[in-house]
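See structure below.
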Amino acid sequence: AQKITQTQPGMFVQEKEAVTLDCTYDTSDPSYGLFWYKQPSSGEMIFLIYQGSYDQQNATEGRYSLNFQKARKSANLVISASQLGDSAMYFCAMRRGTGGGADGLTFGKGTHLIIQP
Amino acid sequence: AAGVIQSPRHLIKEKRETATLKCYPIPRHDTVYWYQQGPGQDPQFLISFYEKMQSDKGSIPDRFSAQQFSDYHSELNMSSLELGDSALYFCASSLGTGLFDEQYFGPGTRLTVT
């Protein structure tokens, strides 16, 4: 079974600072995908970034980067130069690797990030 | 760009009633996923379909059923509703079933059972 652990229920960060959201995972599958989603108070789930288990380089998407440490089974999200609009719930997720096809995502409990002016 | 469409956006039902949620994937996407997110909880995977066939099954109650139609839209049918079914129900779609294929989420249907 796969498991995602996010140990930071909530974080307060000053605007313009960088922030790191922690995510560790547990899986026995050799192939897996790791995803980060943002959920604002309005409720929608917004895809931010993903990392494949065989990717050699850390993924980056604009102000988002993923610090992937395979040996430590961690996939931390780094947001550079945080903005007030970054205030939201952030979920780390892993693609279930049952090999059967359209596998669902397993989510962590999330981190509630609040950016302060 | 076109996104995933879910209807209705809000639904209020009483206990023991039935509900049907609809999902229209992004054009050309052939794979649909359903998730349930209870208040203050993380999303839980329910079920998925690829090319109109059930593909993966998560924690979907027996009272729920779903299918994907020839035009790739999907419906989640929920019967004998319970208070605990009150949640935000997401549909997501993807093009293909690859491990690294991004799942695009719809805006969700907020179901309230009274």
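The values are calculated or read from the model by the stated rules, or taken from the named source; none is laboratory data. The structure displayed is predicted, hence computed values, not measured ones. Cβ sites come from the backbone with ideal geometry, for glycine too, and all protein chains shown count toward neighbours.
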- line: Residue set A:GLY52, A:GLY33, A:GLY62; condition more than 22 Å from A:GLU17 (Cβ to Cβ), free of Cβ contacts under 8 Å to residues at least 24 places away in the same chain, out of contact with any Asp or Glu (no Cβ under 8 Å at 6 or more places or on another chain) and not hydrophobic (A, V, I, L, M, F, W, C); output residue A:GLY52
- request: Go through segment B:19-63 residue by residue and tally those that are buried (at least 21 other Cβ atoms within 10 Å of the Cβ), aromatic (Phe, Trp, Tyr) and more than 11 Å from every other protein chain (Cβ to nearest Cβ).
  value: 0
message: Just the residues that are among the polar types (S, T, N, Q) and either in contact with a helix residue (DSSP H, G or I) (Cβ under 7 Å, 6 or more places away or on another chain) or within 17 Å of A:PHE68 (Cβ to Cβ) (or both), please, taken from segment A:31-56.
response: A:SER31, A:GLN51, A:SER53, A:GLN56
- prompt: So which residues in segment B:68-92 are within 14 Å of chain A (Cβ to nearest Cβ) and either more than 20 Å from B:ASP42 (Cβ to Cβ) or modelled with pLDDT under 95 (or both), if there are any at all?
  reply: B:GLN68, B:TYR72, B:SER74
- request: Being charged (D, E, K, R) and assigned to a strand (DSSP E or B) is the filter; apply it to segment A:1-41 and report the residue that is farthest from A:ALA88 (Cα to Cα).
  value: A:ASP26
field: Filter result for A:LEU84 (more than 11 Å from every other protein chain (Cβ to nearest Cβ) and surrounded by fewer than 20 Cβ atoms within 10 Å (Cβ to Cβ))
entry: yes
